[in-house]
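One structure is given here, and the rest of the page talks about it.
The values are calculated or read from the model by the stated rules, or taken from the named source; none is laboratory data. Here the structure is a predicted model, which is why all the values come from computation and not from measurement. For neighbour counting, all protein chains shown are included, and Cβ atoms are generated from backbone atoms with ideal geometry for every residue, glycine included.
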Amino acid sequence: MATVTLSSSLFSTQKPRTLSFSYGVSSDKLNHTSFSGNFKFGSMKQSRRMRLVPVCRAAASVVFRDLDADDFRHPLDKQNTLLLRAIPGLNDLGRALLGTVTEQIMLLENIGTSVLVSKNQLPELHQLMTEAAEILNLEAPDLYVRQSPVPNAYTLAISGKKPFVVVHTSLVELLTRKELQAVLAHELGHLKCDHGVWLTFANILTLGAYTIPGIGGMIAQSLEEQLFRWLRAAELTCDRAALLVSQDPKVVISVLMKLAGGCPSLADQLNVDAFLEQARSYDKASSSPVGWYIRNAQTRQLSHPLLVLRAREIDAWSRSQDYASLLKRAMKMNTVHTF
């Protein structure tokens with residue numbers, strides 16, 4: 001298999017970057033300059049900084065011992081992944097352009113600027129990650145915490161080496177523990193579904209197409225639009241992974257709501273039901289022919305679905321027979337964590 005570097009940034013208001021894809025607020029045109037996206041929120045009170053408490057799980061919490069990625073993959077993700085696989089020469093191009101130097105740069109940069117989470121280092125964060133991985137039937141990657149005022153999280157997976165997730169301190173400050181675990185589960189969803197492989201190859205192919213004289217620009221633009229469609233679908237899949245771990249749609253929707261307009265000082269006033277009603281009002285406002293055109297023009301080159309639409313999607317899936325069937329197949333967790 002090719003040596004692959006993937007960067008999956010969890011939430012981002014900036015453009016997706018070379019060898020990367022974002023998971024948060026929608027971003028627009030590709031910008032091939034660095035590895036991760038970001039977004040800003042207000043600062044957190046000092047008294048709450050990095051204060052972690054164990055997740056309190058209900059006795060009914062379950063794990064998915066035989067979970068396969070296709071069990072929760074969004075239909076649009078399946079469809080667009082097949083389209084990416086059909087691009088001639090994508091794997092060969094990835095093998096040619098990716099190598100150990102890129103791997104080492106990203107790995108050493110992360111090790112040198114972050115804190116590695118373990119049983120002896122930020123153990124409660126370690127618990128959140130290991131529990132989420134257990135629920136999704138996945139080996140837990142390494143988890144790093146990086147000091148940054150920009151709330152963000154992303155995943156890197158390097159062929160032959162253990163993948164790792166990076167979480168910024170400001171994201172920890174913004175979210176509750178259950179919400180933070182949903183974020184980690186979203187990142188695990190990218191690993192479970194091998195999303196980064198296809199994104200990396202597609203980014204490289206898009207970059208290479210720009211160098212072809214004459215028609216290169218048209219080819220690259222077409223690939224960009226296809227890549228954006230896949231990215232938006234992949235995010236819907238990983239929101240489902242977050243729900244499988246949290247097993248409470250309001251937790252996942254709360255994360256999306258806070259990304260849309262939350263801050264620590266207003267957290268106790270936010271209302272998930274009102275946010276879902278806002279999503280329904282968006283659907284109504286965009287249902288006319290003019291609204292439909294504006295909506296498509298607004299989202300065609302975004303790397304993420306709009307946050308209100310992601311909230312509506314996860315709410316709908318939480319009520320679906322597919323989700324109910326997955327829960328019926330699951331097993332109760334061996335350990336129940338309490339405060």
### Query
So, in region 284-317, of the ones that are of a type in the set (Gly, Ala, Ser) and in a helix (DSSP H, G or I), which residue ends up surrounded by the most Cβ atoms within 10 Å (Cβ to Cβ)?
Ala311
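Which fully enclosed strands (runs of 3 or more DSSP E) of region 91-173 have 3 or more residues being touching a helix residue (DSSP H, G or I) at 6+ places or on another chain (Cβ under 8 Å), modelled with pLDDT of 85 or more and surrounded by 17 or more Cβ atoms within 10 Å (Cβ to Cβ)?
Working: elements: 142-146, 153-158, 164-168.
It comes to 142-146, 164-168.
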### Query
Are any of the residues in region 263-270 surrounded by 17 or more Cβ atoms within 10 Å (Cβ to Cβ) and at pLDDT 85 or above?
no
